[in-house]
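The values are calculated or read from the model by the stated rules, or taken from the named source; none is laboratory data. Note that this is a predicted model, so its numbers are computed, not measured. Here the Cβ positions follow ideal geometry from the backbone for every residue, glycine too, while neighbour counts run over all protein chains shown.
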């Protein structure tokens, strides 16, 4: 059995070609598996982003195997950026791989573009048991993000954002969360911006607390 702290580097077979991936190997007794998706690739987003890394560490602290991957056209992933359309299929590819590899219920976590895109794949997926949206974007990269799908998504959801997030004014984000189906939790990190600069520990703590309370697992 692989060491709990081991990291596997490999490629997934995605719809647009190979997707560069990293798997933080979990405990052999893990009760869940997890996926974390990255922010907008045209603005420097990759699976090595600090928010993505800290979300992975929070989930991995429970012993979960955690998969990160680069969307199409990012890093060594094949294909070209598809403005959130084809990227939904990239997330589906990752979800299928985790299901086939571990046969465990999945926790989906996404940051920014990775959340807006990934929730479209994760909400309807029967293998996904809980969702985490970090830095949920409302108005970013010249586009307005909408989340009508959340009104029908009855899986447990955690929203964590900074109260100074430049891509999601608090009032607009609160409306999105209000419309989302229960159960849900909304955590605003005081004085944090979109990237939780200087507040990554608080973001990570919010994830750990929610996972423990919502899924009933301990570290």
Residue 86 fails exactly one of the following numbered conditions: (1) surrounded by fewer than 23 Cβ atoms within 10 Å (Cβ to Cβ); (2) closer than 21 Å to residue 142 by Cβ; (3) touching a residue at least 40 places away in the same chain (Cβ under 8 Å); (4) in contact with a helix residue (DSSP H, G or I) (Cβ under 9 Å, 6 or more places away or on another chain). What is the number of that condition? (4)
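Have a look at 141, 166, 127, 151 and point out the one that is over 16 Å from the mean Cα position of the chain (by Cα) and within 29 Å of residue 13 (Cβ to Cβ). Lay out the reasoning, then the answer.
Details: 166 fails: within 29 Å of residue 13 (Cβ to Cβ); 127 fails: over 16 Å from the mean Cα position of the chain (by Cα); 151 fails: within 29 Å of residue 13 (Cβ to Cβ).
Testing whether each residue is over 16 Å from the mean Cα position of the chain (by Cα) and within 29 Å of residue 13 (Cβ to Cβ) leaves just 141.
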Counted residues in segment 108-120 being surrounded by 23 or more Cβ atoms within 10 Å (Cβ to Cβ) and either without any contact (Cβ under 8 Å) to a residue 40 or more places away in the chain or in a helix (DSSP H, G or I) (or both) come to 7
Condition check for residue 191: at pLDDT 95 or above, touching a strand residue (DSSP E or B) at 6+ places or on another chain (Cβ under 8 Å), within 22 Å of residue 71 (Cβ to Cβ) and surrounded by fewer than 21 Cβ atoms within 10 Å (Cβ to Cβ): no
Residue among 133, 77 that is buried (at least 23 other Cβ atoms within 10 Å of the Cβ), at pLDDT 95 or above and over 24 Å from residue 186 (Cα atoms): 77
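Residue-by-condition table, conditions (1) outside any strand (DSSP E or B); (2) closer than 26 Å to residue 63 by Cβ; (3) without any contact (Cβ under 8 Å) to a residue 24 or more places away in the chain; (4) touching a helix residue (DSSP H, G or I) at 6+ places or on another chain (Cβ under 9 Å):
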{"position": "166", "(1), (2), (3), (4)": "yes, no, no, no"}
{"position": "171", "(1), (2), (3), (4)": "yes, no, yes, no"}
{"position": "207", "(1), (2), (3), (4)": "yes, yes, no, yes"}
{"position": "218", "(1), (2), (3), (4)": "yes, yes, no, yes"}
Can you name every one of the strands (runs of 3 or more DSSP E) wholly within segment 1-75 that holds 1 or more residues which are out of contact with any helix residue (DSSP H, G or I) (no Cβ under 9 Å at 6 or more places or on another chain) and in contact (Cβ under 8 Å) with a residue 40 or more places away in the chain? 7-14, 17-24
